[in-house]
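Remarks on the structure that follows.
The values are calculated or read from the model by the stated rules, or taken from the named source; none is laboratory data. Everything numeric in this text was worked out from a predicted model, so none of it was measured. With ideal geometry, Cβ positions are generated from the backbone for all residues, glycine too; neighbour counts draw on all protein chains shown. All accessible areas refer to the heavy atoms of the entire protein, side chains included, with ligands and DNA or RNA removed. Shrake-Rupley method; radii C 1.70, N 1.55, O 1.52, S 1.80 Å.
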Amino acid sequence: MILAFPTILLSSWPEWLACVIVIGAVIAGRKVPRGSIVAILLAVPLAWYFGSAGGLLIPLSFGAVVWITFCVSMKRWQKPAEVFAILCSLATAALCGLFPEPVPLRLEGNYPTGTATIEIAATGGKPRLLAQLWYPSLLLGHTAPVSWLPDPFLAPEFPYHRLRSAQAHSRTNAPVVTVDAPLPVIFYEHSWAGHRAENIVQVESLASQGFVVVAVDHPGQAKRVRYADGSIITGRYTTTPELTTPQDVAEFKITAARCFSERSDDIERVRSALKGGAAASLTRRLNLDRVGVFGFSFGGSCAIHLCATDPVFVAGANEDGFYLFDEVPKGSFLFLDEETPAWLQSPPTANEDAGQLLIRSAEARILTALKQPRRERVILDGTRHLSFSDRIYASPIPRLARVGWRPPGEVHKILDSRLTGFFKAALRAETTPE
């Protein structure tokens, strides 16, 4: 995915059209005031209804109201009102360009992608589970692409909210590619208070390369789980854990260990359900005995745990998550990390807080792990923590999305190449269709 200008123009056409109409109506307002007012009263509400910009339309709307007010009742202020309305329209146009609705471009792999969602019944006091699968498909089919997010309430905060209206590549229940050998499977683990669709770009890219990717919403840990019957489970944790004091860190590690245990149990339930035919079109077509796992942030931390404790997981990747405990992954492992902060490259100082000490211990564990065979590490200069999630596509200017300075298309290309190459080698995916 690259946020090129044509992409930005396509994603914001209702808003930009409204801006053009308002500017044109204001300029023509002295000669045809009634017609201009009607044009504005039509264009602005339609942009709110058909577009996805939401609050980004506030400058346009405010400028239009001011111009209409002065045009009707205070004509001596009409000229300043014209200038104000035009500036407000330009402001909205600029905001829509800076924070566009993401539009996926061509996938890197050879296949279009399909998706299916399965629900696993509650059992033994354990809650229902939702898991989504992405897989290589033969045909696009006639169904429309699915929404980027399965639940609009999962959208990021303003002004990054336009993800709630975006569409992904995959199509629901598209036919699965036909191969002789079982398809390699990779589990995706969501972040702390995250959700299964937080990294759609990476997930779909892997599916287009011939992998089946399975993402589970962990009830109580996910930000929000919305089941098919409309019932909802919201997460029990804050978005970002507090890690200032030694007590904070100690409590976080206790909670993390409990979360790892819950996630391991959830994944085993999903794996068993898939073996039992929970995804009908993929029954007996998945290699569920040797699987991979990767995750972002806390999901990456969980990937380390799974590869260290469950022999089913023979390969894993951690995208900028803490290496929290002294457990050692037993298979191939890939570490993908943000640019190393300057303070971490210097010796410890007396005024560092407990969170910084936690990062130092995590870094030491990574360096120790890299001494083992089948270990790789990539540090992406110019990136920040959120660069490894779909947040990087919130703006064509990375600094506005708070993801460093490296362009999103460049980051995606590196991540896609390293993840695909790593999992193909680690899962012996030469059987993947070419």
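Stretching Val83 away from Leu367 to a fully extended chain increases their span by 96.3 nm, per 0.36 nm per residue minus the current alpha-carbon distance. Backbone N atoms of region 289-333 closer than 13 Å to the 7 Å Cα→Cβ label point of Lys275 belong to residues 289-291, 311-313. Gain on full extension, evaluated as 0.36 nm per residue between Glu242 and Ile58 minus their Cα-Cα distance, stands at 62.8 nm. The local environment of Val312, defined by Cβ-Cβ distances under 12 Å, has a net charge of +1 under the rule Lys, Arg +1 and Asp, Glu -1. Under a Gaussian network description of the chain, with springs only between Cα atoms under 10 Å, the residue in Pro398, Pro136, Pro182 that fluctuates furthest is Pro182. Taking the charge dipole of region 276-363 about its Cα centre, with +1 at Lys and Arg Cβ atoms and -1 at Asp and Glu Cβ atoms, the residue from Ser361, Ser281, Gly299 reaching farthest to the positive side is Ser281. Shown for the chain are the DSSP H helices of 27 Å or more along their axis, judged by Cα atoms, with a mean Kyte-Doolittle hydropathy of at least 0.5: 78-98. The dipole here belongs to the chain: it is taken about the Cα centre, uses +1 on the Cβ of Lys and Arg and -1 on the Cβ of Asp and Glu, and is about 1120 debye. About its Cα centre, region 335-404 has a charge dipole of approximately 200 debye under the convention of +1 per Lys or Arg Cβ and -1 per Asp or Glu Cβ, with nothing else charged.
Summary value for region 299-434: 21 percent relative contact order, contacts being C-alpha pairs under 8 angstrom separated by 6+ residues. Beta bridges assigned by DSSP with both partners in the chain are antiparallel in approximately 40 percent of cases.
Note on exposure: Arg284, Arg377, Arg226, Arg271 ranked by accessible area (1.4 Å probe, complete protein assembly) read Arg284, Arg226, Arg377, Arg271, with the most exposed listed first. Annotation note: GluC sites (Glu not before Pro) in region 105-167 located in DSSP loop regions with a Cβ neighbour count of at most 12 within 10 Å are Glu157.
The length gained by stretching the chain between Val328 and Asp310 to full extension, at 0.36 nm per residue less their Cα-Cα distance, is 5.3 nm.
Here r is the Cβ-Cβ distance between Ile254 and Glu352 and R0 is 25 Å; the resulting FRET efficiency, rounded to 0.05, is 0.70. Return the carbon/sulfur percentage of the accessible area of region 181-337, one whole number, probe 1.4 Å, all protein chains in place. Within region 181-337, the accessible surface is 54 percent carbon and sulfur. For the chain, the relative contact order comes to 14 percent (Cα pairs under 8 Å, sequence separation of at least 6).
Remark: the chain carries 44 Å² of accessible area per residue (probe radius 1.4 Å; ligands, DNA and RNA excluded).
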